[in-house]
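Below is one structure; the comments refer to it alone.
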Amino acid sequence: MFGGRNSLSLTIQGINEVDTLDYLQISFAFALGQLVMGFISPFAGMIADKFGSGKTLSTGILLSLLGCLFIPFSTNPISLSIALGIVSAAGTGLAGLPIILASVNKLVPAERSGMAFGIVNAGQSLGQLIIAPLAGLVIVNFGWITFIYVLCLTFILVLPFSFILRTRNSETVQTQETGLNLFDTLSIAFKTPSYIYLVSGFFVCGFHVWFIGTHMPGVIAVCGLPPTVSGWSLGLIGLFNIVGSIFAGWYISRYSMKFFLSYIYLGRCVIVLLFLMSPKDVISVLLFSVALGFTYFSVIPATAGLIGKMFGAKFLATLFGFAIFSHQIGGFLGAYLGGYFYDLNGDYTVVWLLDAGLAVFAALIHLPIKERLVYEDPATT
């Protein structure tokens with residue numbers, strides 16, 4: 001599911017060949033998708049808490065399938081934005097990580113949640129590792145529309161697995177949870193500085209990964225390299241994100257989550273600056289993809305773990321959903337500004353530098369976070 005969604009950016013160059021669409025309009029559709037996905041996430045958490053994860057995930061997969069089916073027929077900015085930026089993105093929001101991680105968190109002991117989150121996060125990277133190189137080959141040999149239909153087939157194949165996570169909130173409750181209802185918990189969360197810092201840092205993650213996820217094929221094209229390199233680049237990001245996610249799960253089960261997040265964001269800044277200074281050949285692109293992959297989504301287990309540590313498992317789907325909303329606002333800006341500055345300057349240098357600066361901000365803002373349970377009195381944090 002996630003590997004397929006993350007590989008959709010490989011179709012940008014093909015969509016751009018449609019006479020009635022330009023690069024900035026396509027970038028807007030992708031950027032709108034990030035915003036819609038994030039907006040849906042908190043409500044998806046509430047729906048899953050009420051009706052169960054299985055039904056929520058199934059509905060999301062079907063919506064993603066429907067949106068993707070309409071992409072090849074979207075020949076103007078409005079129809080593309082509806083298919084890709086609203087329908088498909090809403091489905092991804094409903095079948096998103098908040099639902100899956102919250103379900104897993106209710107199925108494992110608290111002391112093993114960090115490693116469980118890392119394994120789940122590695123799963124989405126495995127999908128990207130498999131689908132992204134396949135997408136590059138299909139697009140080169142059969143065209144981008146054929147890849148869209150292959151992607152729709154994968155959504156159909158994963159649909160039965162949604163029932164494996166058909167947990168309800170009432171089935172399992174962590175012992176440290178209070179008797180607070182959802183709205184009391186949300187009120188406390190948005191008055192808790194540590195939660196605000198965490199959500200703000202996750203905004204930067206969204207900017208980073210969706211700028212790269214959307215425009216890395218464009219970056220590679222500017223370097224004069226073929227689309228197959230784009231597929232291998234996204235595949236390597238997926239492969240080494242598996243390593244990074246498993247390492248993240250192991251690390252946060254033993255050491256500080258907030259310091260791990262600071263290290264990762266600072267590492268992203270260094271990786272981006274080194275890439276900017278390197279020659280833009282196949283080797284540098286692939287090395288960049290390897291280094292980037294290790295940090296790409298490895299912040300997710302620690303972010304979800306910190307929310308669980310602060311507020312328990314009961315409303316993790318909703319609270320992480322609001323963090324995802326912040327993440328996707330960043331994703332909207334990363335995807336759109338990448339297209340905007342490329343359209344303006346013919347390259348992505350301004351956005352790369354902005355990305356590096358935001359990574360430093362994220363590294364610093366996690367340092368004041370307090371890693372402990374938040375009770376009724378927010379002043380205890």
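Pairs are defined by a Cβ separation below 8 Å, a sequence spacing of at least 6 or placement on different chains, a first member in the stretch 249-265 that is within 26 Å of Gly357 (Cβ to Cβ), and a second member that is surrounded by 16 or more Cβ atoms within 10 Å (Cβ to Cβ) and charged (D, E, K, R); the pairs so defined are Met257/Lys309. Restricting attention to the stretch 323-337, does a residue exist that is modelled with pLDDT of 90 or more, among the polar types (S, T, N, Q) and more than 27 Å from Leu239 (Cβ to Cβ)? Checked the stretch 323-337: at least one residue is modelled with pLDDT of 90 or more, among the polar types (S, T, N, Q) and more than 27 Å from Leu239 (Cβ to Cβ).
Only residues that are among the polar types (S, T, N, Q) and either under 15 Å from Ile86 (Cα atoms) or buried (at least 24 other Cβ atoms within 10 Å of the Cβ) (or both) were counted in the stretch 12-49, giving 4. Contact list please: Cβ distance under 8 Å, first residue in the stretch 352-371 and closer than 9 Å to Gly201 by Cβ, second residue among the basic types (Lys, Arg) and surrounded by 18 or more Cβ atoms within 10 Å (Cβ to Cβ), pairs at least six apart or on different chains. Taking only residues 6 or more apart or on different chains, the pairs are His366/Lys258; Ile369/Lys258.
The values are calculated or read from the model by the stated rules, or taken from the named source; none is laboratory data. Nothing here was measured: the structure is a model prediction, and the numbers come from that model. Using ideal geometry, Cβ is built from the backbone for each residue, glycine included, and neighbour counts are taken over all protein chains shown.
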